[in-house]
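Read-outs throughout are calculated quantities, based only on the coordinates presented, and are distinct from any laboratory measurement. Nothing here was measured: the structure is a model prediction, and the numbers come from that model. Cβ sites come from the backbone with ideal geometry, for glycine too, and all protein chains shown count toward neighbours.
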């Protein structure tokens with residue numbers, strides 16, 4: 001993961017706990033966030049819901065061994081953006097992050113034009 005981020009000049013930060021991720025979110029307001037579906041001792045839905053509300057429009061992606069239309073639909077319902085297959089492949093991560101960035105940029109431009 002760090003290799004694809006470095007090659008594309010994307011900043012990356014890893015959090016080991018929800019609290020650590022929350023502090024990072026509050027301090028840096030990232031545009032794109034990736035979460036592992038298999039978070040030990042926690043339900044991914046609560047992470048996505050909480051971070052979607054607190055992020056101010058970040059594209060939240062779920063990393064999962066299992067990908068299907070139901071999971072994607074559920075993720076979107078909870079405020080997420082995309083599901084990325086695990087184990088991570090550079091081409092898939094790169095495509096997903098580029099699409100998320102494009103979506104986030106368009107949404108940010110629309111939001112700023114409506115507030116003027």
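Compute the relative contact order of the chain as a whole-number percentage, counting only Cα pairs closer than 8 Å that sit 6 or more residues apart in sequence. Please report the intermediate quantities before stating the final value.
Details: 127 pairs, mean separation 26.2, N = 116.
Computed over the chain, the figure is 23 percent.
So how far apart, in nm, are the two label points at residue 24 and residue 88 if each is 7 Å from Cα heading toward Cβ?
1.0
At 7 Å along Cα-to-Cβ for each site, give me the label-to-label distance between residue 74 and residue 111 in nm.
With each label placed 7 Å out from Cα toward Cβ, I get 2.7 nm.
Most mobile of 84, 97, 66 per a Gaussian network model of the chain (Cα springs, under 10 Å)?
66
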